[in-house]
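The values are calculated or read from the model by the stated rules, or taken from the named source; none is laboratory data. Quick caveat: nothing in here was measured; it's all calculated off a predicted structure. Cβ coordinates were reconstructed from backbone atoms using ideal geometry, including for glycine residues, and neighbour counts include every protein chain displayed.
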């Protein structure tokens, strides 16, 4: 019964923070300007709930609104759902992105936004640029070149009620759930040198960034 459906990223003036105009729809993008943000390892996006097992931080479906005010978090939302929509299964994101750094991370998160604005965590994932094709071998990237990344957000099961929005965040950190990438291409542990990265997220006809959702049709 599962219908895997792609929701494409869109924005006119920019998707930075919840004040931007980032959108999600099943319509393929055409000629759209990319979104951009700066990732500073000294100021990472903080983990709020989610898939945590230890370290003293509370896990679970926490409200993600505190991170929506950050300009290094891109926010893309559907219009309010006209009817209940079930998403059950594994979720992946195809992201076309570029970075000014020698290496970096890209993150994605999916949330359920109710009419009051509460943004409930459903799932997230991360990919390290040099391990975009697997962790067995590091593959250097070409700075400032659009590259396709596939981010695994694992599985979830959620019914988006009528009036709720499906929302996706794109950024480059989720700390301390994931170690920060220092953007240098050096070893992850023991590094002390940090570099700010200028990140570009593409959503156009040649680079159709999208999240693929397992939609369960209504009976």
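At a glance:
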quantity	calculated
Filtered residues of the range 163-185 (kept if more than 21 Å from residue 18 (Cα to Cα) and touching a residue at least 60 places away in the same chain (Cβ under 8 Å))	176, 177, 178, 180, 181, 182, 183, 184, 185
Members of the range 151-191 found to be buried (at least 19 other Cβ atoms within 10 Å of the Cβ) and outside any strand (DSSP E or B), listed by number	164, 172, 173, 174, 177, 180, 181, 182, 183
Filtered residue count, the range 93-114, keeping only those that are within 25 Å of residue 163 (Cα to Cα) and crowded, with 19+ Cβ neighbours inside 10 Å	7
Residue 202 vs. criteria under 18 Å from residue 35 (Cα atoms), at pLDDT 95 or above, in contact with a helix residue (DSSP H, G or I) (Cβ under 9 Å, 6 or more places away or on another chain) and surrounded by 15 or more Cβ atoms within 10 Å (Cβ to Cβ)	no
